[in-house]
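Engineer: Please see the structure below; I have some questions.
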Amino acid sequence: MTAVVPQVDQPVFLDVDSVREDFPILKEHVHGKPLIYFDNGATSQKPIPVIEAMHRYYLQENSNIHRGVHLLSTQATIAYEQARSKVKSFINAGSENEVVFVRGTTEAINLVAQTYGRQNVKSGDEIILTAMEHHSNIVPWQLLAKQNGATIKVVPMTDQGELIIDEYEKMFTPRTRLVAVVHVSNSLGTVNPVHHMVEIAHRHGVPVLVDGAQAVQHMPVDMRAMQCDFYAFSAHKMYGPTGVGILYGREELLQDMPPYQGGGDMIRSVSFEETTFNELPYKFEAGTPNISGGIAFDATIDYVNQIGMHRIMAYENALMRYATESLLNIPGLRIIGTAKTKASVISFVLDGVHPHDVGTFLDLEGIAIRTGHHCTQPVMTFFGIPATSRVSLALYNKKEEIDVLVEALHKVRKTFG
Amino acid sequence: MSDLKELYQDTILDHNKNPRNFHKMPDATLSLEGYNPLCGDHLFLYVKLDNDVITDVSFEGSGCAISKSSASLMTTVLKGKRVDEAISLFEKFHDLITSPMDKQPNTDGLGKLAVFSGVREFPARIKCAGLAWHTLKSALEGDQRTISTEQ
Ligand SMILES: Cc1ncc(COP(=O)(O)O)c(C=O)c1O
């Protein structure tokens, strides 16, 4: 055949029932009802291979890394560094030197604020944030702004929860030193056009930090395509362990940044007169890290890769459409965050029922959702609401669970209506 | 087993839907704002005092069913009470909603406030039930700050 056929999206198949077998916690009961877990934005559940990797490490492999000559230490070091390589490929970073292990997204952002930020953002300089940032991508910059006398500017959004890119473009001045933007909003679900935003910032010579805490588990991310300068994410929201996160940083920038914390591992040599710092990425990794977590994160990436991020994305998008349509059939239910491109998150308010009551009611039905401001108080203020109820989907959720949710919400309305 | 009816008793649902004494009081002796940042419950409490006696109470604001009905029920039991009686009621109510699960809840002297005994099974909701009462206590004790349940 020589005809050029336009590439059509292949319908993908994900055997959700077999995926669910990998997550034993999904068989638990809550208040006597089968657990339905829709709080994945807070943290996802963990599959057996991840739990086993952690278990195996403590049972058979436990040892400190980067310091022992003995076999276990050597093996632990190899395993931990292999995890770093795995992360490098997962996000398509340029090299392992660009992958810094941290505690999570929050620590990654604080690291950049207190190293790159302290060094480069001075009195009278400006930092650009957006109206939909998580508190962890606001407060570190406020702390920095206070320390160094800088100001913060905020990219506005529309009532749909989309950033107004024209306004963003106008915000750059010769004093702009950094842009920090969330890739996927945890309270609205909006997928921000980060590639485009990076391009605009770079045109003004300004580096960009992207908060990927809610992105890496729902879509492929590619550092070399995105060209951002820093990217932060947490393992625990992508089926991995808590206490492990990644700061990706472009090597040229990391090279010139001062260390974050001082201690073991981050030094090359120490005397009381002078200390020389270790090479990348160890310069930013003081002290014994979360070794079991790093190794389990390696297993996490294997797990996700084996299913395939494109498959996960297609499955979740279809589920998300189904959930959105089903929820909108409930009278008095309004979805907060109706951007054209969304991932995983459906935030809603129900007329006359406070989200906290929705949350408790659903809990008693075995359904775990998040209610509150989701660490995005400015977003709640913007929409003039105290809180929302949030359903956030993962690859193991299924239509039948959405149906149970919808039925329970009808009951909520009857009880409080 | 905790269930819905235990927490959301009919009295609570009724006061949520039709809160009593739900209005501003321009000539209040004391007024204070209460705020629960976790769920965004936000209320304004107004108290009229004649010497040591509470002659009128009202409230305004928005919140979940537990916080709203708790405020509403509170306003219905305070009229005619002395300040020290109101404080002692606060303490009894506080004990009721925070008492450990392995003990029978003590509802002595609480009257219809006893409908909140189910709250102790829901640690995430204790602050909701307590917000109006904490605000009251602070107002009576002369605290002028906004009262937040997050210390
Ligand atoms: C968008 C976003 N950024 C940052 C964070 C903070 O992540 P962590 O608590 O893992 O540091 C979260 C988690 O809630 C988030 O949703």
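Engineer: Hey, residue B:79 hits all of (1) open to solvent by 50 Å² or more (accessible area, probe 1.4 Å); (2) in contact with a Phe, Trp or Tyr (Cβ under 7 Å, 6 or more places away or on another chain) but one; which does it fall short on?
Structural biologist: (2)
Engineer: For a quick check of your reading: which helices (runs of 4 or more DSSP H) sit entirely within the stretch A:94-182 and have at least 2 residues that are within 16 Å of the ligand (Cβ to nearest atom)?
Structural biologist: A:105-112, A:139-148
Engineer: Would you please name the residue that is surrounded by the fewest Cβ atoms within 10 Å (Cβ to Cβ), looking only at residues in the stretch A:206-222 that are more than 16 Å from the ligand (Cβ to nearest atom) and more than 24 Å from residue A:120 (Cα to Cα)?
Structural biologist: A:222
Engineer: Something else: Please count how many residues of the stretch B:8-28 are at positive phi and within 14 Å of chain A (Cβ to nearest Cβ).
Structural biologist: Qualifying residue count for the region: 0.
Engineer: Evaluate the following for residue A:62: is it of a type outside the set (Ser, Thr, Tyr), more than 16 Å from the ligand (Cβ to nearest atom), open to solvent by less than 60 Å² (accessible area, probe 1.4 Å) and more than 14 Å from every other protein chain (Cβ to nearest Cβ)?
Structural biologist: No: the conditions fail for residue A:62.
Engineer: What number of residues in the stretch A:183-205 are within 13 Å of the ligand (Cβ to nearest atom) and part of a loop (DSSP other than H, G, I, E, B)?
Structural biologist: Of the residues in that region, 7 qualify.
Engineer: Could you tell me which numbered condition residue A:317 fails, if it satisfies all but one of (1) outside the structural domain of residue A:132 (by TED's automatic domain parsing); (2) open to solvent by 50 Å² or more (accessible area, probe 1.4 Å); (3) more than 27 Å from residue A:89 (Cα to Cα)?
Structural biologist: Of (1) outside the structural domain of residue A:132 (by TED's automatic domain parsing); (2) open to solvent by 50 Å² or more (accessible area, probe 1.4 Å); (3) more than 27 Å from residue A:89 (Cα to Cα), only one is false for residue A:317: (3).
Engineer: A further question follows. Looking at B:115, B:57, B:119 in this structure, which one is of a type in the set (A, V, I, L, M), within 14 Å of another protein chain (Cβ to nearest Cβ) and buried (at least 16 other Cβ atoms within 10 Å of the Cβ)?
Structural biologist: Only one candidate qualifies: B:119.
Engineer: Does the stretch A:26-43 contain at least one residue that is part of a helix (DSSP H, G or I) and out of contact with any Ser or Thr (no Cβ under 9 Å at 6 or more places or on another chain)?
Structural biologist: yes
Engineer: Quick one: count up the residues across the stretch A:341-368 that are within 11 Å of chain B (Cβ to nearest Cβ) and under 15 Å from residue B:64 (Cβ atoms).
Structural biologist: Final tally of qualifying residues: 13.
Engineer: Let me ask something else about it. Between a residue in the stretch A:180-205 that is within 14 Å of chain B (Cβ to nearest Cβ) and among the hydroxyl-bearing types (Ser, Thr, Tyr) and any residue that is within 16 Å of the ligand (Cβ to nearest atom) and open to solvent by less than 60 Å² (accessible area, probe 1.4 Å), which pairs come within a Cβ distance under 6 Å, given they are 6 or more apart or on different chains?
Structural biologist: Listed pairs, sorted by first residue: A:187/A:347; A:187/A:374; A:187/A:376; A:187/A:379.
Engineer: For the stretch B:95-106, give me the residue count where each residue is closer than 18 Å to residue B:74 by Cα and at pLDDT below 90.
Structural biologist: The total comes to 1.
Engineer: Find the residue count for the stretch A:369-398, including only residues that are open to solvent by less than 10 Å² (accessible area, probe 1.4 Å) and more than 14 Å from every other protein chain (Cβ to nearest Cβ).
Structural biologist: Of the residues in the stretch A:369-398, 7 are open to solvent by less than 10 Å² (accessible area, probe 1.4 Å) and more than 14 Å from every other protein chain (Cβ to nearest Cβ).
Engineer: Moving on to the next point. For the stretch A:13-59, give me each residue that is open to solvent by 70 Å² or more (accessible area, probe 1.4 Å) and either of a type in the set (Ser, Thr, Tyr) or in contact with a helix residue (DSSP H, G or I) (Cβ under 6 Å, 6 or more places away or on another chain) (or both).
Structural biologist: A:58 - this is the single residue of the stretch A:13-59 that is open to solvent by 70 Å² or more (accessible area, probe 1.4 Å) and either of a type in the set (Ser, Thr, Tyr) or in contact with a helix residue (DSSP H, G or I) (Cβ under 6 Å, 6 or more places away or on another chain) (or both).
Engineer: Is it true that some residue in the stretch A:324-336 is modelled with pLDDT of 95 or more, within 16 Å of residue B:64 (Cα to Cα) and open to solvent by less than 40 Å² (accessible area, probe 1.4 Å)?
Structural biologist: Scanning the stretch A:324-336 turns up no residue that is modelled with pLDDT of 95 or more, within 16 Å of residue B:64 (Cα to Cα) and open to solvent by less than 40 Å² (accessible area, probe 1.4 Å).
Engineer: Looking at the stretch A:236-272, which of its residues are of a type in the set (A, V, I, L, M) and within 13 Å of the ligand (Cβ to nearest atom)?
Structural biologist: A:238, A:244, A:246, A:247
Engineer: Could I ask something else about it? Give the residue that is farthest from the ligand (Cβ to nearest atom), with candidates limited to residues of the stretch A:223-235 that are outside any loop (DSSP other than H, G, I, E, B) and surrounded by fewer than 24 Cβ atoms within 10 Å (Cβ to Cβ).
Structural biologist: Restricting to residues being outside any loop (DSSP other than H, G, I, E, B) and surrounded by fewer than 24 Cβ atoms within 10 Å (Cβ to Cβ), the top hit is A:224.
Engineer: Something else: Out of all the residues in the stretch A:258-273, is one or more in the same structural domain as residue A:159 (by TED's automatic domain parsing) and in a helix (DSSP H, G or I)?
Structural biologist: Within the stretch A:258-273 (the criterion being in the same structural domain as residue A:159 (by TED's automatic domain parsing) and in a helix (DSSP H, G or I)), the answer is no, since none of the residues qualifies.
Engineer: Of all residues in the stretch A:168-206, count the ones that are farther than 17 Å from residue A:131 by Cβ and under 17 Å from the mean Cα position of the chain (by Cα).
Structural biologist: 1
The values are calculated or read from the model by the stated rules, or taken from the named source; none is laboratory data. This one's a predicted model, so the numbers in the text were calculated from it and none came from an experiment. Because the Cβ atoms are built from the backbone with ideal geometry, glycine has one as well, and the counts that use them run over all protein chains shown. The area values use the complete protein model at the heavy-atom level, side chains included, leaving out ligands, DNA and RNA. Shrake-Rupley method; radii C 1.70, N 1.55, O 1.52, S 1.80 Å.
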